[in-house]
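The values are calculated or read from the model by the stated rules, or taken from the named source; none is laboratory data. Note that the coordinates shown come from a computational prediction; the quantities given were computed from them, not determined experimentally. Quick reminder, even Gly has a Cβ in these numbers, built from the backbone with ideal geometry, and neighbours come from all protein chains shown. We work out accessible area using only protein heavy atoms, side chains counted, and drop any ligands, DNA or RNA first. Shrake-Rupley method; radii C 1.70, N 1.55, O 1.52, S 1.80 Å.
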Amino acid sequence: MLSKLKIPISDAIIDQLIAETSKNGDGMITEEEFFRWMLKMDAHEDDVEGELRAAFKIFDMDSSGTIEIEDIKWALELIGEPITD
């Protein structure tokens, strides 16, 4: 989903996402934190907010309003982008 938003996917990007957005360092990212980070990544789509909400829902596997590292790994592996810890 990130690559469709023209955001390169790498371990460094995932580390940056977690470091910049997980305020208490627990590795969990809220929906609002995710949106703010994605907007900073300079995504250029007609409906950026709609695309970001759709991307967040894909990553938020348990609909908790947060994204955990396991959710990111699962989603990326699902689309053929395996990553390492």
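Checking the condition out of contact with any helix residue (DSSP H, G or I) (no Cβ under 9 Å at 6 or more places or on another chain) and either exposed (fewer than 12 other Cβ atoms within 10 Å of the Cβ) or at pLDDT 80 or above (or both), which residue from D42, D85 passes?
So the residue among D42, D85 that is out of contact with any helix residue (DSSP H, G or I) (no Cβ under 9 Å at 6 or more places or on another chain) and either exposed (fewer than 12 other Cβ atoms within 10 Å of the Cβ) or at pLDDT 80 or above (or both) is D42.
Pick from segment 54-67 the residues that are under 10 Å from the mean Cα position of the chain (by Cα) and open to solvent by 60 Å² or more (accessible area, probe 1.4 Å): which of them is modelled with the lowest pLDDT?
Ranking the candidates gives I58 first.
Being open to solvent by 20 Å² or more (accessible area, probe 1.4 Å), modelled with pLDDT of 75 or more and either in contact with a Leu (Cβ under 8 Å, 6 or more places away or on another chain) or part of a loop (DSSP other than H, G, I, E, B) (or both) is true for just one of K73, K23. Which residue is that?
K23
Under 8 Å between Cβ atoms, at least 6 apart or on separate chains: pull out the pairs that start in segment 52-70 with a residue that is on the phi > 0 side of the Ramachandran plot and end on any residue that is part of a helix (DSSP H, G or I) and open to solvent by 90 Å² or more (accessible area, probe 1.4 Å).
Filtered contacts from segment 52-70: S63/K57.
With respect to K6, is the statement that it is at pLDDT below 75 and open to solvent by 20 Å² or more (accessible area, probe 1.4 Å) true?
Here the answer is yes, as K6 does meet what is asked.
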